[in-house]
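Peer 1: Once you've had a glance at the structure underneath, I'll fire off some questions.
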Amino acid sequence: MSDRFEIAFAPLNTEPETATVVLASDGLVLGSKGREFDTKSASAISKAAAAADFKGKYKSSIEILAPAKLGIDRLIVSGLGKVGSLTEQQAVDLGGAIVAAIQARKSSSASVIVDVEGSETLSANEIAALIGQGAMLRHYNFKKYHTKKSSEDGNEQEGLKKLVIQVANPDKAKAAFQPLKAVANGVNLARDLVNEPANILGPVELAEKTKALEKLGVDVEILDVKDMEKLGMGSLLSVGQGSVRPSRLAVMVWNGAKGSKKQKPVCFVGKGVVFDTGGISIKPAAGMEDMKGDMGGAAAVIGTMHALAERKANVNAVGLIGCVENMPSGTATRPGDIVKSMSGQTIEVINTDAEGRMVLADVLWYAQDKFKPKLVIDLATLTGAIMVALGKEYAGLFSNEDKLADELLSASRSTGEKLWRMPLDKAFDKAMDSKNADMKNAGGRWAGAATAAAFLQRFVQKDTPWSHIDLAGTAMDGNRNDTNQSWGAGWGVRLLNAFVAEHHEKGEK
Ligand code: BES
Ligand code: MN
Ligand code: ZN
């Protein structure tokens, strides 16, 4: 976690840190601060730029060591490209790339000088704030179980402790940074949860993690096995019954919508399988350790609720996570068992490894029953099949409503957390019919992600706008990039936060 990383905003004339990054826009346009550095250092920047053919292109950079007369160890000139066409996402990515450049050598503190013009869409202050968010996301690492902190183990990147972002109006930049920081904290929280091993993070512990949100004003309720038995959640409970660690359902309520009328909430439902062995239909050994990340959906929901509450989002939102462990044992569910879900529908368990949908079935039903939501979005590392279809770059989106799907797709475009819409179809639903019960939990060989979605849809009430996001490919071990170097990606927090900000929050964006 990045708690030992401080981001501060300071005026342009602040004395720079020993490592300093100065931004240059397209055509090697330096702000007054950069020109001052160039003059002082007898044109070190101009000479190095010419030697390296550096022109300020987006994300290109040059490094000048011990520039004469500047009194600093390193000066990195970092290209911003054309300010007019810079997107928010590019500014965030640049913040990540800048931290990577600083971390390439040992510096415990650094300055980034954002002395640029700004454009109609992004002011210099906003660029500074977005760079701060990218820096936070890039700086994240999960090293809590390394007992040696020496540089020989490659732990030296913990070296960077403080980043001072210098900008014309630091107060404005800091104000713009607050909500962005809240979102980065949510992402890094989700990463922590996904990275945590299952011996430490069991279903009870995962549910308890939501309690930390109370200090942000979130109401938290945790249902235990008895509570869920009373509600008739035979489907969720059948998954956890093979584990010595009891199941939980955690509910986080953020009532942030301003105004007199009580607004229906948006509901986020997360699959929180802390470890998925497959149960009696046990998985092969190779790679099974990755199944500690089978709560990536729940982590995204907790991270999103954190982000919304920390930035005091003007929305009513509820996050619900079904926390279970899928283990084989003498008490485990067998293939062929028939269980009754809270909805009243019965399910024949064909494959105990198709457990995520069994968990979601009851949590989805409970969410609709209890909160009468405006819409429901579930997130789950649900199928290997979605990875076969979309790889590690895109998560699959299924939706019973085009408007909701389009809102998610547009949030996806603005955050770079990519979604690809997949089909719901009667034919996939039919594949879930069972001879012995209302439905079975596993379809045939084909369209595994779509038949899983069809199963979930049987637990969505007629008028509820609903989307299902299968993030099996993106929640963990995805492609590393400027803003993520972590196995647990924290994927989905920025997407859902932007979905709320762009489409479900009144007032300003
Ligand atoms: N948790 C897995 C899906 C998964 C696989 C997530 C790999 C991340 C990486 C899920 O519970 C599962 O086992 N799904 C089965 C369903 C099948 C038995 C119908 C699958 O996809 O093979
Ligand atoms: Mn499984
Ligand atoms: Zn699973």
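Peer 1: So which residues in the range 343-363 are open to solvent by less than 30 Å² (accessible area, probe 1.4 Å) and charged (D, E, K, R), if there are any at all?
Peer 2: Selection gives GLU348, GLU355, ARG357, ASP362.
Peer 1: Within the range 154-162, identify whether any single residue is under 30 Å from ALA124 (Cβ atoms), aliphatic (A, V, I, L, M) and modelled with pLDDT of 95 or more, and answer yes or no.
Peer 2: Taking every residue of the range 154-162 in turn, at least one turns out to be under 30 Å from ALA124 (Cβ atoms), aliphatic (A, V, I, L, M) and modelled with pLDDT of 95 or more.
Peer 1: Can you name every residue in the range 365-376 that is assigned to a strand (DSSP E or B) and either out of contact with any helix residue (DSSP H, G or I) (no Cβ under 9 Å at 6 or more places or on another chain) or of a type outside the set (Val, Ile, Thr) (or both)?
Peer 2: Going through the range 365-376, the residues assigned to a strand (DSSP E or B) turn out to be 375-376.
Of everything in the range 365-376, just one residue is assigned to a strand (DSSP E or B) and either out of contact with any helix residue (DSSP H, G or I) (no Cβ under 9 Å at 6 or more places or on another chain) or of a type outside the set (Val, Ile, Thr) (or both), namely LEU375.
Peer 1: Quick one: what pairs do we get from the range 446-463, first residue closer than 12 Å to GLN345 by Cβ, second within 16 Å of ligand 3 (Cβ to nearest atom) and part of a loop (DSSP other than H, G, I, E, B), C-beta under 7 Å, 6+ apart or different chains?
Peer 2: These pairs meet every condition: PHE455/ASN441.
Peer 1: Here is a follow-up. Please enumerate the residues belonging to the range 382-395 that are part of a loop (DSSP other than H, G, I, E, B) and either more than 9 Å from ligand 1 (Cβ to nearest atom) or open to solvent by 40 Å² or more (accessible area, probe 1.4 Å) (or both). Give the steps one after another, and end with the answer.
Peer 2: Of the range 382-395, the ones part of a loop (DSSP other than H, G, I, E, B) are 382-383, 391-393.
Within the range 382-395, GLY391, LYS392, GLU393 meet the criteria.
Peer 1: On the basis of being open to solvent by less than 20 Å² (accessible area, probe 1.4 Å), within 14 Å of ligand 3 (Cβ to nearest atom), in a strand (DSSP E or B) and not β-branched (Val, Ile, Thr), does LEU379 make the cut? Walk me through how you get there before you give the answer.
Peer 2: Values: open to solvent by less than 20 Å² (accessible area, probe 1.4 Å): yes; within 14 Å of ligand 3 (Cβ to nearest atom): yes; in a strand (DSSP E or B): yes; not β-branched (Val, Ile, Thr): yes.
Taking the combined requirement at face value, the residue satisfies it.
Peer 1: From LEU237, LEU201, LEU180, LEU193, grab the single residue that is part of a loop (DSSP other than H, G, I, E, B) and crowded, with 16+ Cβ neighbours inside 10 Å.
Peer 2: LEU201
Peer 1: Another question, if that's okay. Taking the conditions exactly as written (in a helix (DSSP H, G or I), out of contact with any helix residue (DSSP H, G or I) (no Cβ under 6 Å at 6 or more places or on another chain) and assigned by TED's automatic domain parsing to the domain that holds ASP477), does GLY297 satisfy them or not? I'd like the intermediate steps shown before the answer.
Peer 2: Working: in a helix (DSSP H, G or I): yes; out of contact with any helix residue (DSSP H, G or I) (no Cβ under 6 Å at 6 or more places or on another chain): yes; assigned by TED's automatic domain parsing to the domain that holds ASP477: yes.
Yes.
Peer 1: Mind listing whichever residues of the range 315-340 are assigned to a loop (DSSP other than H, G, I, E, B) and hydrophobic (A, V, I, L, M, F, W, C)?
Peer 2: Of the range 315-340, the ones assigned to a loop (DSSP other than H, G, I, E, B) are 315, 327-337.
Correct list: VAL315, MET327, ALA332.
The values are calculated or read from the model by the stated rules, or taken from the named source; none is laboratory data. Quick caveat, the model's predicted, so the values are computed rather than measured. Quick reminder, even Gly has a Cβ in these numbers, built from the backbone with ideal geometry, and neighbours come from all protein chains shown. Heavy atoms of the whole protein, side chains included, go into the accessibility calculation; ligands, DNA and RNA do not. Shrake-Rupley method; radii C 1.70, N 1.55, O 1.52, S 1.80 Å.
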